[in-house]
Every structure is written in structure tokens, then in C-alpha cells.
There are 2 protein chains.
Amino acid sequence: MASAADKESEKIIPVPTSTSPPPETKGLAAAPPATSAGYFPVVNVVLRFLLFASGLVSVVVMVTSKQTEITQIPFPPFRAPVSAKFSHSPAFIYFVAALSVAGFYGLISTLVSIYALLKPSCSTKILSHFVIFDVLLLGIVASATGAAGGVAYIGLKGNTHTAWRKVCNVYGDFCRHIGGSVAVSLFGSIVLVLLVILSIHSISKKIPK
Amino acid sequence: MASAADKESEKIIPVPTSTSPPPETKGLAAAPPATSAGYFPVVNVVLRFLLFASGLVSVVVMVTSKQTEITQIPFPPFRAPVSAKFSHSPAFIYFVAALSVAGFYGLISTLVSIYALLKPSCSTKILSHFVIFDVLLLGIVASATGAAGGVAYIGLKGNTHTAWRKVCNVYGDFCRHIGGSVAVSLFGSIVLVLLVILSIHSISKKIPK
């Protein structure tokens, strides 16, 4: 009974006691993070990998959106192949730049998080640095999603007040690429929000009651 | 000498010791937060008030941007007064909605933070709830700023590839209002980033070394 009670206290309070394993046993990697910080490090790695994946997918889908159609032009020969591509709009260029940074950061932070998962001693310090970059990137990715979404909406619906005609009736495939890319980057923004909330939850759990 | 050393330990370790004042002295309001949490609660209140102010200013500037000019129209009498106002663009409507929510939240959270400043015992719990809303609002305000900025840039420069003509050469005053409003909301986004980073810093300072 006494040893069971000791094990119980070991689960709740992660500080080293006389019954906890000595630091020499850290070669048995997987167990310590699972008991000391719960599910957090694994969810952290998964979310960071999702951030990397969403950044990569949205950049690739946006960059490969080029579409060429025969359209009317105001000078002879009056009909010619005209291309639509993302680099025609500054908002889409900003989107590609922001999501590239987010995807690259997702890759780096996934690797560092896996390293922290194997060596849990440095986990809190790494975490508190990462969460600041997460917040900054959330602002950048959300604004890029908003800018690209705002411009894409004009392309989809047009604006009768300013006589901006819609382009998606001609360049349907281009617009599907843009829409998919914006949707994936919205998913990336939500992943960043979850990462920040998870980090705050994990940090505030370590405050003694 | 001994009493000076006691005072020193009182500053560093905020847990109640035998030399710390008993809880009955909490009527003397201002001193406890200044010693237990440093400059944080005051900066917190100031930043939240700045968030409220920037939300209010950007919404008011955006809503009062209506401008009427005599312009060419494609049907008789061919010249007529045409108004430009924010409600002609879905991006600007989203902007007004998002910044209204941010300003209202800034007002509420300023009042609650002032209450927490006077009663520091409940400060940590309030803080960890507020920081989640801060992160969500950061995403919303940043995306609204991006959307309005992206559409305003088309209004300013036009887009030759899609034949979207610029409108700011005609509606200059309207565009100055939009630009000012987007700039103030960008300031509001930066305030939200600072609030989140400050909260994380304040929470992680409470973790025992």
C-alpha cells in the first residue's frame, strides 16, 4: 500500500523525491515527458507539423495557380491568350511570403520540439521562446489570409460600386487554387491559435497553487 | 539591520511570511500589486485602454468616410453625384465588425483589469482567461486589417492585369479615412501582440526555478 501511495505522489508532483528514478535512467527516453508534462509535448509536435504542412500546401497551391485563357483585349488582334497568376496581385505575393515563413518556422520548430521531447529538461525554456514567435506568426499569417481572402472575394464576386469586374467566371481553375490556398492558410491560423493556447495552458499549469 | 534584511526578503518572495502584513490590511489598496507583480498590472491596464481607444478610433474613422463626388455614369444624364462609403465593400464591413468587437472587449477588459489591480488576489486566474481571448482577437483583428488593407491597396493603385481601376484619384478624402483606419487597427494588432507576450512573460515568471 505504501509503495502505491508513493507512485501516486510521483505522478502528481514531478519534483525529484527519494522514490523518483535517479537522473542516470534518462536513456529510457519515452517515459519521462509522458509522466512529467502529460499529453502536451506530443500534441505540440503534431500541431507544429500541421503548421508546416499547411504552410507548404498553401504556398504550393498558390504558386501553381497559373491559368491561361483566350480573352478579349482592347487592341488588335482583340483576342489573345492572357495568363492569370498569383504574382499579378501584391496581396497574393504577401500571402506567399508570409506562408513560406510560417511553413519554414513550422519545420524548424517541429524538429526542435522533437528534440525537446527526447530531452524534457530544456522543455520549458524552449517553449516560452517559441510561444512569442507563435504569437507574431499568428498576426502575420492571419493578416495574409485576410488580405488574400479580401482580394479573392473581389475576384469571385466583383464590386459593382467601383466597377471591378469579377474574373472567376473566366479563370475558374485559378480561383479554385486561390480559394483552396486561403482555406488551408485559415487552417494554419487556427493551428497557431491552438499552439499559443496550449503553450499558455502548459505554462500556467506549472504555477504552484 | 535585521529589519532591513526582512524587508528585502519581503520584496523578493511574495508568499506570506511572519513579517509580511496580515491580510486585514488590504484596504490600503495600491501597495500590494506594485510589490507582488511589479510593473505588469499597470502596463496591462494601459495596453488594454490603448486597445479600446484604437478600436473606437478606427471604427469611427471608417464609418465617417463617406464622400460624394460628381462622376461619370454610363446612362443619362451621364454625370451625377455618386457616393463612396465603407459599406460598398464586404472587407470594410468585416473590418468594422471586427474592430467594434475588439474595442468593446478592450473596454470590458480595461475595467476588469482595474478591478484586478485593486484586488490582486484574483489576478492570475483573470489573466489566464483574458490571454485566450487576446489570442483569438489578435487573429480576428489582424485578418480584418489584412482584408481592409488589401482592398484599400487596390483602390489606391488599381490592378492593370484585371482592369480594376483605382478610385483614390476621385475619392481622395474617402481613401485617407480608410488608410488612417487601417493604420490605427495595425497599431491595435501590435497592442494585442504586446498584451499576449506580456501575459505569457508574467505567467512564466511565477513558475518556481
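All of the numbers you see were taken from the coordinates with simple rules; none came from a lab. Remember, it's a predicted structure, so these values are computed and weren't measured experimentally. For neighbour counting, all protein chains shown are included, and Cβ atoms are generated from backbone atoms with ideal geometry for every residue, glycine included.
Some observations on this one:
- Selection among B:Gly155, B:His129, B:Ala144 by position relative to the dipole of region B:113-209 gives B:His129 as farthest towards the positive end (Cβ unit charges, Cα centre).
- Distances between placed amide hydrogens fall under 5 Å for B:Thr71 paired with B:Ala80, B:Val82, all partners being 5 or more residues away or on another chain.
- Taking other residues whose beta carbon is less than 15 angstrom from the beta carbon of B:Ile126, and scoring Lys, Arg as +1 and Asp, Glu as -1, yields +3.
- A cut-off under 13 angstrom between Cβ atoms defines the neighbours of A:Cys168, and their net charge, with Lys, Arg +1 and Asp, Glu -1, is +2.
- Positive contributions from Lys and Arg (+1) and negative ones from Asp and Glu (-1), summed over other residues with Cβ under 12 Å from the Cβ of B:Ala152, come out at +3.
- Estimated translational D of region A:109-209 in µm²/s (Stokes, Kirkwood radius over Cα pairs; 10 °C; 1.306 mPa s): 98
- Packing rank of A:140-153, B:181-194, where each peptide gets the mean count of other beta carbons within 10 Å, highest leading: A:140-153, B:181-194
- Phi-derived couplings, Karplus 6.51 cos²θ - 1.76 cosθ + 1.60 at θ = phi - 60°, listed residue by residue for region A:183-191: 5, 5, 6, 5, 4, x, 4, 5, 4 Hz, with x used for Gly and Pro.
- In percent, rounded to a whole number, the relative contact order of region B:81-209 is 28, using alpha-carbon pairs under 8 Å and six or more apart.
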